[in-house]
Each structure stands twice: as C-alpha cells, then as structure tokens.
Amino acid sequence: LQNIRLFIHINSPVCAGCGALISDRFYLLAADRRWHERCLKCSACHADLESELTCFSKHGDIYCKEDYYR
C-alpha cells in the first residue's frame, strides 16, 4: 500500500493555483499549467473560469476576457 501511495504522490500533478497535489479525476490545463477546477480564477476579479471556453494569460497570471483587455 505504501508503494501505491508513493507512486500516486510522485506522478500527481501540482495545482498552479493552490500548490496542492491534484488527485481529482479531471483537472484543467491553462497557460501550460495544471489547475484544480475550483482554483482556476481570474487574477484580478477572482471570477471562476472553470466553465469558460477561453481564459487569458499575461506574465504568468490568468485573467477573464474583461480584465485581460483592461
């Protein structure tokens, strides 16, 4: 059992938002980084972006369309 936990820990991606391991079945990939669904938020207004078709990245931060173009 320890070997299985070690394998999961080593191969689990780390969330770019919270820094915790992603053990969920699904995760989001945005700006070449992996995110928990609940952690993908606009850096400016903190709007949830998990259900958006697009999000925008500038200087490593994630933005909704409105805040990106401000």
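Each value in this text was obtained by applying a stated rule to the coordinates, not by laboratory testing. Computed from a predicted structure; not experimentally measured.
Annotation: amide H-H contacts under 5 Å for Gly17 (H modelled 1.01 Å from N, sequence separation of 5 or more, or interchain): His36. 3J(HN,Hα) couplings calculated from phi for segment 43-57 with the Karplus curve 6.51 cos²θ - 1.76 cosθ + 1.60 (θ = phi - 60°) are, in sequence order, 5, 8, 9, 6, 5, 5, 10, 4, 9, 6, 6, 9, 9, 10, 10 Hz; Gly and Pro show x. For segment 64-70, the Karplus equation 6.51 cos²θ - 1.76 cosθ + 1.60, evaluated at θ = phi - 60°, returns couplings of 6, 4, 4, 6, 4, 8, 6 Hz by residue, with Gly and Pro reported as x. Less than 5 angstrom separates the built amide H of Glu50 from none of the residues sequence-distant by 5 or more or on a different chain. Kirkwood hydrodynamic radius computed over segment 2-69 comes to 12.7 Å, based on all pairs of distinct alpha carbons.
Between amide H atoms placed 1.01 Å from N, distances below 5 Å from Ile62 occur with Ser43, all of them 5 or more places distant or on a separate chain. Phi-derived couplings, Karplus 6.51 cos²θ - 1.76 cosθ + 1.60 at θ = phi - 60°, listed residue by residue for segment 14-30: 9, 6, 6, x, 10, x, 8, 5, 9, 10, 5, 5, 10, 9, 9, 10, 9 Hz, with x used for Gly and Pro.
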